[in-house]
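> Mind looking over this structure? Questions follow.
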Amino acid sequence: MTVPGEYVSRDTQIEKLSGQSFGVMIVGGGNSGAVSAAALAARGVKVALVDRGDFAGGTSQESSNLIWGGIKYLENYEFSLVRNLCRSRNRLMRAYPTNIREIRFLTVVDSGSPHGPGIIGAGASLYWLIGDMATRAPLFFGPGGVRKRDALVDTERVRGGVEYSDAFLVENDARFVFSFVRSATEAGAAAVNYMNVADASFDGGRWSVQLVDQITGDSHSATAKVLVNATGPYVDCFNDQLDVTAQHELYLSKGIHLTVPRISEHDHVLAFFDDEQRLFFVLPMGRVSVIGTTDTRVDSPEVAVQDSDRQFLLDQVNQRLDLAVPLRKEDIIAERVGVRPLAINRGAGKRSVKSWTSLSRKHVIEVDRERSYLSIFGGKLSDALNIGAEVCAKVNSLDVPVTPGKVRWYGESSGRDRAQFMAQARRLLASTTKNQDPVALWRRYDLAAYHVLALVEADPSLGDEILPGSGYILAEAAHMANTEMIVTLDDFLRRRTKLALLYSRNELESAPALRHACQLLFAAEATARWTEYFESDEDSP
């Protein structure tokens with residue numbers, strides 16, 4: 001095991017992986033793979049986790065940053081699913097008090113909504129009860145009440161509104177997923193990003209896995225008793241690669257988010273039904289608002305934001321908000337696009353668009369006992385704890401001993417630890433920086449935040465913000481360089497932080513302190529990494 005914040009380089013992780021024998025190897029470092037690695041490693045299993053890209057570099061970085069119980073699934077009477085998701089949400093809120101917080105949703109019901117205020121209000125009340133009343137109770141409004149709650153809502157066609165609670169990630173989704181990777185390595189797992197599985201074969205009761213380092217081109221190998229396919233929207237592709245026939249398959253739905261300058265001063269989420277009677281949100285994220293998501297059937301995990309996607313969301317928002325100046329494409333700061341992996345029975349046949357859009361994000365973990373192989377279909381951030389527990393149970397059933405009973409593998413350190421850190425951090429930061437919130441350091445690094453403080457104490461200039469008002473300081477980049485396996489500048493801007501979601505590329509490129517952060521991260525390779533990032537995707541916002 002390692003100490004929180006201890007030096008954890010990608011090279012040392014490769015040494016722990018290459019040529020070694022594991023109880024379980026997990027392919028895919030998104031939400032499902034990361035929580036599986038953390039849960040198994042904490043229970044004494046020797047685990048390897050690999051991803052052909054960066055951790056959380058796919059679907060797990062494209063969410064709405066919500067931890068929710070799936071209120072919309074009530075429409076299809078999936079009460080058991082909603083119950084399980086709400087219970088998971090509640091556990092996550094208790095386990096991550098600074099990172100996962102309750103947030104209010106103001107659902108605006110207009111003449112084009114699929115249901116009236118009464119039915120939606122009844123659903124919100126049922127949702128609250130199913131969720132053990134762990135959040136604030138729902139409230140109900142007429143058109144005038146909606147206007148009072150948020151004067152930006154154009155109430156001309158509004159019939160009423162319903163306000164209820166769910167939860168959101170204060171940091172970004174990818175950062176949250178990386179916390180599970182960090183937990184896994186602290187418990188002894190080997191975790192390597194940018195490591196592709198070139199081939200894998202099962203013989204003599206073990207998997208032999210051939211790996212290729214996507215950065216250096218070097219080849220590596222390892223063996224494992226159990227192989228877990230946690231590749232998210234690529235689960236079918238990886239099964240095909242290994243000639244695995246599963247009982248389930250995926251349908252894929254593309255969703256996009258647009259980041260624009262902050263629309264509303266309120267900290268609630270605005271929820272609307274679009275012209276096709278699908279929910280979309282206007283979510284607060286610091287200095288910006290995030291608009292999304294869409295729901296478009298696609299055949300491939302490889303997707304991009306189309307001009308029609310942008311215009312659709314902008315039109316929907318402009319029709320429903322009373323903005324002094326309508327939003328335009330020029331207002332877009334950043335874009336996000338990903339696919340939802342929706343699990344269905346392989347024998348179900350083709351579904352109509354109407355039935356397809358009713359599919360939920362429930363996960364299915366399928367076991368091939370003859371080959372000691374797991375396939376994880378579907379899943380979402382809210383379901384993280386359930387997935388981790390189920391993977392442990394299924395791995396144990398495949399003759400890989402998993403320590404039983406309650407074992408801590410997720411959550412923040414104790415409130416006492418947090419209070420002690422806050423006291424020390426406030427004393428130090430008060431004399432070195434005016435803009436860093438010590439709660440943010442704790443939220444991002446937990447006990448390892450002491451290492452960030454030590455860097456500031458040794459060099460007060462590292463207390464400077466990377467971008468004004470961002471809340472990220474240079475000491476964090478210095479800390480991440482040694483502990484978070486950052487390979488590209490995009491890893492830092494998009495996944496370990498949310499800077500690329502808060503600032504345009506022009507703002508990022510013109511920030512002197514970001515150049516300093518790049519130097520701290522990459523040393524001699526800083527210029528190459530900077531050029532690589534800012535000369536790619538030049539058409540992006």
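> With the structure loaded, tell me whether Thr231 is at pLDDT 95 or above, in contact with a helix residue (DSSP H, G or I) (Cβ under 8 Å, 6 or more places away or on another chain) and not hydrophobic (A, V, I, L, M, F, W, C) or whether it fails that test.
On the way: at pLDDT 95 or above: yes; in contact with a helix residue (DSSP H, G or I) (Cβ under 8 Å, 6 or more places away or on another chain): yes; not hydrophobic (A, V, I, L, M, F, W, C): yes.
Here the answer is yes, as Thr231 does meet what is asked.
> Among what's in the range 422-450 and is out of contact with any Pro (no Cβ under 7 Å at 6 or more places or on another chain) and buried (at least 21 other Cβ atoms within 10 Å of the Cβ), pick the residue that is modelled with the lowest pLDDT.
Here the residue is Gln436.
> Something else about it: Residues that are under 20 Å from the mean Cα position of the chain (by Cα), at least 3 per element: which helices (runs of 4 or more DSSP H) completely within the range 92-194 meet that?
173-186
> So in the range 311-330, with the set limited to residues that are under 22 Å from Asn506 (Cα atoms), touching a residue at least 12 places away in the same chain (Cβ under 8 Å) and open to solvent by 50 Å² or more (accessible area, probe 1.4 Å), which one is nearest to the chain's Cα centre (by Cα)?
Restricting to residues being under 22 Å from Asn506 (Cα atoms), touching a residue at least 12 places away in the same chain (Cβ under 8 Å) and open to solvent by 50 Å² or more (accessible area, probe 1.4 Å), the top hit is Lys329.
> State which residue is surrounded by the most Cβ atoms within 10 Å (Cβ to Cβ) when the search covers only the range 245-271 and only residues that are more than 30 Å from Asn229 (Cβ to Cβ), touching a Ser or Thr at 6+ places or on another chain (Cβ under 8 Å) and of a type in the set (A, V, I, L, M, F, W, C).
Checked the range 245-271; the qualifying residue surrounded by the most Cβ atoms within 10 Å (Cβ to Cβ) is Leu270.
> I'd like the residue in the range 154-174 that is under 25 Å from Thr59 (Cα atoms) and touching a strand residue (DSSP E or B) at 6+ places or on another chain (Cβ under 8 Å) and, out of all such residues, is surrounded by the most Cβ atoms within 10 Å (Cβ to Cβ).
Just the residues of the range 154-174 that are under 25 Å from Thr59 (Cα atoms), to begin with: 165-174.
Okay, now just the ones that are also touching a strand residue (DSSP E or B) at 6+ places or on another chain (Cβ under 8 Å), so 165-170.
On the way: Ser165: 21, Asp166: 22, Ala167: 21, Phe168: 20, Leu169: 24, Val170: 19.
If we take residues in the range 154-174 being under 25 Å from Thr59 (Cα atoms) and touching a strand residue (DSSP E or B) at 6+ places or on another chain (Cβ under 8 Å), then Leu169 is surrounded by the most Cβ atoms within 10 Å (Cβ to Cβ).
> Residues being out of contact with any strand residue (DSSP E or B) (no Cβ under 8 Å at 6 or more places or on another chain), of a type in the set (Gly, Ala, Ser) and at pLDDT 95 or above: count how many of those fall in the range 499-541.
Here the count works out to 7.
> Is it true that some residue in the range 499-511 is open to solvent by less than 30 Å² (accessible area, probe 1.4 Å) and not aliphatic (A, V, I, L, M)?
Yes - at least one qualifying residue is present in the range 499-511.
> Identify, please: which residue in the range 122-135 is in contact with a strand residue (DSSP E or B) (Cβ under 7 Å, 6 or more places away or on another chain) and under 15 Å from Thr107 (Cα atoms) and is, among those, most open to solvent (accessible area, probe 1.4 Å)?
Here the residue is Trp128.
> Could you check, for the range 374-389, whether at least one of its residues is more than 24 Å from the chain's Cα centre (by Cα) and either over 30 Å from Val47 (Cα atoms) or modelled with pLDDT of 90 or more (or both)?
No, there is no match, as no residue in the range 374-389 is more than 24 Å from the chain's Cα centre (by Cα) and either over 30 Å from Val47 (Cα atoms) or modelled with pLDDT of 90 or more (or both).
> Hey, another quick one. Give the number of residues within the range 212-235 that are open to solvent by less than 30 Å² (accessible area, probe 1.4 Å), within 17 Å of Tyr373 (Cβ to Cβ) and either of a type in the set (Asp, Glu) or part of a strand (DSSP E or B) (or both).
6
> Going by the conditions given, is Ser80 part of a loop (DSSP other than H, G, I, E, B), of a type outside the set (Lys, Arg) and either modelled with pLDDT under 95 or at positive phi (or both)?
no
> Something else: May I ask you to list pairs of residues, at least six apart or on different chains, whose Cβ atoms are under 6 Å apart, with the first in the range 385-412 being in contact (Cβ under 8 Å) with a residue 24 or more places away in the chain and the second being assigned to a helix (DSSP H, G or I) and open to solvent by 50 Å² or more (accessible area, probe 1.4 Å)?
Close Cβ pairs satisfying both conditions: Leu385/Arg91; Val402/Asn396.
> While we're on this one: Restricting attention to the range 282-304, and to residues there that are under 17 Å from the mean Cα position of the chain (by Cα) and among the hydrophobic types (A, V, I, L, M, F, W, C), which single residue is surrounded by the fewest Cβ atoms within 10 Å (Cβ to Cβ)?
Selected residue: Met285.
> Here's another thing I want to ask about it. Considering each of Leu92, Leu74 in turn, give the residue that is open to solvent by 10 Å² or more (accessible area, probe 1.4 Å) and either out of contact with any Ser or Thr (no Cβ under 6 Å at 6 or more places or on another chain) or over 14 Å from Phe176 (Cα atoms) (or both).
Result: Leu74 is the single residue among Leu92, Leu74 that is open to solvent by 10 Å² or more (accessible area, probe 1.4 Å) and either out of contact with any Ser or Thr (no Cβ under 6 Å at 6 or more places or on another chain) or over 14 Å from Phe176 (Cα atoms) (or both).
> Let me ask you something else. Can you name every residue in the range 88-110 that is closer than 16 Å to Gly415 by Cβ and touching a strand residue (DSSP E or B) at 6+ places or on another chain (Cβ under 8 Å)?
Matches in the range 88-110: Met93, Asn99, Ile100, Arg101.
> Restrict the check to the range 392-401 and report whether at least one residue is part of a helix (DSSP H, G or I) and of a type in the set (Gly, Ala, Ser). Full working, then the answer.
Step one: list which residues in the range 392-401 are part of a helix (DSSP H, G or I), which gives 392-396.
Now narrow it down to the ones that are of a type in the set (Gly, Ala, Ser): 393.
Yes, the range 392-401 has at least one match.
The values are calculated or read from the model by the stated rules, or taken from the named source; none is laboratory data. Computed from a predicted structure; not experimentally measured. Heads up, the Cβs are rebuilt from the backbone with ideal geometry, glycines too, and the neighbour counts pull from every protein chain shown. Please note that ligands, DNA and RNA were not included when accessible areas were found on the heavy atoms of the full protein model with its side chains. Shrake-Rupley method; radii C 1.70, N 1.55, O 1.52, S 1.80 Å.
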